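> Structure in structure tokens, see below.
The values are calculated or read from the model by the stated rules, or taken from the named source; none is laboratory data. All values derive from a computational prediction rather than experimental measurement. Here the Cβ positions follow ideal geometry from the backbone for every residue, glycine too, while neighbour counts run over all protein chains shown.
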Amino acid sequence: MLARRSLLFSLPTLLRAAPDPLSDAAQDRTTLIYQGTTPNKLCCDTTLRAMPDGSWVMVMLGGGDSEPLPANDLFLSRSNDQGKTWSPMQRISLGIKEQDPSRALVPTELTVYRGQCRLFYANHNGRFRDWTTWFTTSNDSCRTWTKPRPIPAPIRNSTFVRNHIVRPNGELVIPYQHYLSPDGYKNPRNGVMISTNRGRTFQVYGDIRISDDDNYQGFPENTIVELPGNRLVMLIRADRLGGVLFRSNSADGGRNWTQAVPTDIPNPGSKITLYSLGGERVALLHNPNPKVRNPLSLWVSFDGLRTWAHRRDLVTTAGRLNYPDGFVSRDRKYLHFAYDENRFRAVYYGARLPD
């Protein structure tokens with residue numbers, strides 16, 4: 001079990017001039033979920049979700065001091081008071097490590113859909129070889145888990161599953177990044193898995209490239225959002241391709257996608273996440289710096305990603321601010337998420353959204 005230190009820490013804005021008490025920054029909230037120490041320093045792939053029972057769960061990659069390592073594993077912390085305090089970090093036991101301790105496990109997505117939780121993870125040999133992707137389900141808010149099952153065969157190997165959306169028609173849409181080459185992270189393709197039967201089965205769509213070079217290596221972590229009129233937008237991380245995000249569009253609910261093209265949104269090669277706020281309003285969590293993963297910022301578009309009228313830096317503390325992932329509150333007043341700071345702190349942040 002990982003050691004855990006829990007404390008409330010000050011908002012980054014308090015290091016500057018005190019904000020207007022009615023400003024968005026003054027209404028933000030943040031707590032430290034976990035601080036890693038050697039030999040289990042690693043915190044990565046932090047994912048925050050609201051559970052059917054009202055608690056919040058943060059799952060992450062931990063175990064060892066870095067990745068990839070055979071020690072890498074799945075971990076979970078829970079909050080019963082909306083992020084004010086967090087339980088000690090617990091390993092999610094699926095029986096895999098017990099059978100073969102050399103297998104490394106990497107969580108990449110946690111869906112909450114019709115009262116059921118579904119945890120997607122990669123299973124590899126500690127060096128991202130012999131790499132397959134699986135999911136396990138929970139019907140008791142991530143307390144117990146079913147026997148793991150593989151994702152659909154066409155993308156079962158060398159795939160990361162990313163942030164899901166639930167469409168107004170009930171379809172579950174889950175993006176993925178898949179590598180055609182088993183040799184490193186070469187020749188990546190992006191697409192979506194779509195379920196029309198409440199998650200029982202999935203169909204795979206999309207073959208989106210950000211580079212025509214079959215030897216291109218990178219982490220095209222994609223995120224999607226739905227706009228009115230059956231339209232989906234996908235933003236894609238694009239390492240070493242101009243310091244910006246790429247974009248692909250679908251006009252038919254995710255079945256067909258346009259060729260990915262560069263946007264004017266700066267990005268240093270880091271994970272971003274999109275969130276629907278209703279209609280044409282969309283929030284983006286990202287690092288708007290083409291060179292480094294700092295600051296961690298919130299941008300909001302009111303016109304379907306054409307422009308970004310609201311831009312606010314949330315965290316500016318020194319170092320790398322990585323992998324923000326969370327959910328919008330039901331009243332759409334807050335964007336609650338977790339991120340990792342320098343790969344050894346898991347942090348909760350509640351960002352006040354603009355009215």
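> Based on this model, can you work out whether Pro268 counts as in a loop (DSSP other than H, G, I, E, B), in contact with a Lys or Arg (Cβ under 6 Å, 6 or more places away or on another chain) and not aliphatic (A, V, I, L, M)?
For Pro268, the condition - in a loop (DSSP other than H, G, I, E, B), in contact with a Lys or Arg (Cβ under 6 Å, 6 or more places away or on another chain) and not aliphatic (A, V, I, L, M) - is met.
> With (1) touching a strand residue (DSSP E or B) at 6+ places or on another chain (Cβ under 7 Å); (2) within 27 Å of Ser77 (Cα to Cα); (3) not aliphatic (A, V, I, L, M) as the list, and Asn289 as the residue in question, which single condition is left unmet?
All conditions pass for Asn289, except number (2).
> Sort out which residues of region 295-337 are part of a loop (DSSP other than H, G, I, E, B) and either in contact with a Ser or Thr (Cβ under 8 Å, 6 or more places away or on another chain) or among the hydrophobic types (A, V, I, L, M, F, W, C) (or both), and write them in order of number.
If the condition is that a residue be part of a loop (DSSP other than H, G, I, E, B) and either in contact with a Ser or Thr (Cβ under 8 Å, 6 or more places away or on another chain) or among the hydrophobic types (A, V, I, L, M, F, W, C) (or both), then Pro295, Phe302, Leu305, Thr307, Trp308, Ala309, Ala318 are the ones that fit.
> Output the number of residues of region 80-118 satisfying the condition of being surrounded by 20 or more Cβ atoms within 10 Å (Cβ to Cβ) and assigned to a strand (DSSP E or B).
Residues that pass the stated criteria total 10.
> Residue check, Arg312 against (1) in contact with a strand residue (DSSP E or B) (Cβ under 6 Å, 6 or more places away or on another chain); (2) over 27 Å from Arg167 (Cα atoms); (3) free of Cβ contacts under 8 Å to residues at least 60 places away in the same chain; (4) not aliphatic (A, V, I, L, M), all met but one. Which one?
(3)
> Separate question: Within the bounds of region 173-184, is there any residue that is among the charged types (D, E, K, R) and in contact (Cβ under 8 Å) with a residue 12 or more places away in the chain?
no
> Looking only at strands (runs of 3 or more DSSP E) that fall completely inside region 149-261, which ones have 3 or more residues that are within 19 Å of the chain's Cα centre (by Cα) and closer than 26 Å to Val282 by Cα?
Once the strands (runs of 3 or more DSSP E) in region 149-261 are filtered for at least 3 residues that are within 19 Å of the chain's Cα centre (by Cα) and closer than 26 Å to Val282 by Cα, what remains is 172-179, 188-195, 222-227, 231-236, 244-250.
> Which one is farthest from Asp45 (Cα to Cα), of the residues in region 315-355 that are in contact with a strand residue (DSSP E or B) (Cβ under 7 Å, 6 or more places away or on another chain) and among the small types (Gly, Ala, Ser)?
Only one residue tops the list, namely Ser329.
> Of all residues in region 306-315 being surrounded by fewer than 20 Cβ atoms within 10 Å (Cβ to Cβ) and not acidic (Asp, Glu), which is nearest to Ile224 (Cα to Cα)?
By that ranking, first place goes to Arg306.
> Still on this structure: Can you confirm whether Leu335 is surrounded by 22 or more Cβ atoms within 10 Å (Cβ to Cβ), hydrophobic (A, V, I, L, M, F, W, C) and over 18 Å from Val225 (Cβ atoms)?
no
> Of (1) touching a helix residue (DSSP H, G or I) at 6+ places or on another chain (Cβ under 9 Å); (2) in contact (Cβ under 8 Å) with a residue 60 or more places away in the chain, Gly253 satisfies all except one. Which?
For Gly253, the failing item is (1).
> How do the strands (runs of 3 or more DSSP E) wholly within region 23-76 filter down when requiring 3 or more residues that are touching a residue at least 40 places away in the same chain (Cβ under 8 Å) and over 17 Å from Thr108 (Cα atoms): which remain?
Where strands (runs of 3 or more DSSP E) fall fully within region 23-76 and carry at least 3 residues being touching a residue at least 40 places away in the same chain (Cβ under 8 Å) and over 17 Å from Thr108 (Cα atoms), they are 29-35.
> Scan region 61-82 and tell me whether some residue there is in contact with an Asp or Glu (Cβ under 8 Å, 6 or more places away or on another chain) and under 29 Å from Ile165 (Cβ atoms).
yes
> Here is a further query. Could you give me the residue pairs with C-beta distances under 9 Å whose first residue belongs to region 124-143 and is within 13 Å of Val112 (Cα to Cα) and modelled with pLDDT of 95 or more, whose second residue is of a type in the set (Gly, Ala, Ser) and surrounded by 14 or more Cβ atoms within 10 Å (Cβ to Cβ) wherever it lies, and which are 6+ apart or on separate chains?
Here the result reads Thr137/Gly199; Ser141/Ser55; Cys142/Ser55, each pair linking region 124-143 to a residue that is of a type in the set (Gly, Ala, Ser) and surrounded by 14 or more Cβ atoms within 10 Å (Cβ to Cβ).
> Only one of these is among the hydrophobic types (A, V, I, L, M, F, W, C), more than 18 Å from Phe160 (Cβ to Cβ) and buried (at least 21 other Cβ atoms within 10 Å of the Cβ): Leu274, Leu232, Leu245, Leu227. Name it.
After ruling out the rest, the residue left standing is Leu232.
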